[in-house]
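Written out below as structure tokens is the structure these notes cover.
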Amino acid sequence: MKKNPFENLKDVVKLEEVCPVHNVHLQQLDKVLVIAGEAKPRKPVPFCPECAKEGIAQKSQSELEKLKNKELYANTYNVLERDSTIPKELKTATFDTFIANTPEERQLLVFAKKQADKYLNGMVGNTLITGGTGIGKSHLSISIAKAINEGYRAKNEPKSVLFISLTEIIKEIKEGWNYGRGAKLTEAEAVKLLTEADYLILDDLGAKNATLNPKSDWEQDFLFDILNNRENTIINTNLSGSELKEVYNERNASRILKGLEGNTFKAFGIKDKRYSIRSLKGN
């Protein structure tokens, strides 16, 4: 049985008047008080104890909902900004800020927008964008991430979206090997972070340098632990399909390239945008 929050108050008197909602007698504090904003002291207005209890319950429920929403957003919508490794120069990247001057650049932009829409409409599967360095793959991958993040928020169905440079994550883990307990990120923590995100964007996977070498057994196993436990992964890389198979073992390559029909874009005809921008600045 619920307790009346006013039952212990002294000087509360029961009136003849009845609440039309609960059919119980109204009560009133039998004291003259100074009411804020009023010149003369007076008795407070009568109240229904049942209405009062409901008001307290509603307020408590409202506060509980606020806490639940705060926790929900901490585990979903806020992940992109809080946990991602987005480069400083790409923090403001969106579809609108992507410069598409050539037909292929425009096709790439259209493809990226369509992929974001597909995910917002419930598509399950991977996306792969391949092409040379500096053509805007990271820019568009971040734009996809933001579109998914904002889109699900607008639906009131927030999801966790994470943009990660695998190279940076691996670097942090290896640094931890030297510092032990002082490590910023352990392998277990990284795997948990990357597998639990609803949508994971892997930036510059297997970045190609002067020479093309297979990844170490540890890196192969680390990537497999992630890809083998995921459904929605968006990957960009400067490696071709055949080069991915050289760098990664069969089980990883198969998971990267699996089920990509209609969800991959090869952009090896686009020139390095960074060179073009530097040239313009120099003129």
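Taken together, the values in this text are just the output of simple stated rules run on the coordinates, not laboratory data. Please read all numbers here as calculations on a predicted model, not as lab measurements. Cβ coordinates were reconstructed from backbone atoms using ideal geometry, including for glycine residues, and neighbour counts include every protein chain displayed.
Here are the numbers for the structure shown:
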item	result
Estimated distance in nm for a label pair at Ala188 and Asp83, the labels positioned 7 Å out from Cα along Cα-to-Cβ	1.7 nm
Residue among Gly151, Gly55, Gly37 with the largest mean-square fluctuation in a Gaussian network model of the chain, springs linking Cα atoms under 10 Å	Gly37
Length released on extending from Glu231 to Asn121, taking residue separation times 0.36 nm less the Cα-Cα span	38.1 nm
Within a Gaussian network of the chain (alpha carbon springs, distance under 10 Å), most fluctuating of Ile135, Ile148, Ile99	Ile99
Label corresponding to percent of Cα pairs over 32 Å apart when calculated from the structure given, among (i) 32; (ii) 45; (iii) 23	(ii)
Charge dipole (debye, nearest 20) of the chain; +1 at Cβ of Lys and Arg, -1 at Cβ of Asp and Glu	640 debye
Amide H within-cut-off set for Ser160, under 5 Å, with H built and near neighbours excluded	Asp198, Tyr199
Nearest-0.05 FRET efficiency for Asn178 and Asn249, computed from C-beta distance (R0 25 Å)	0.40
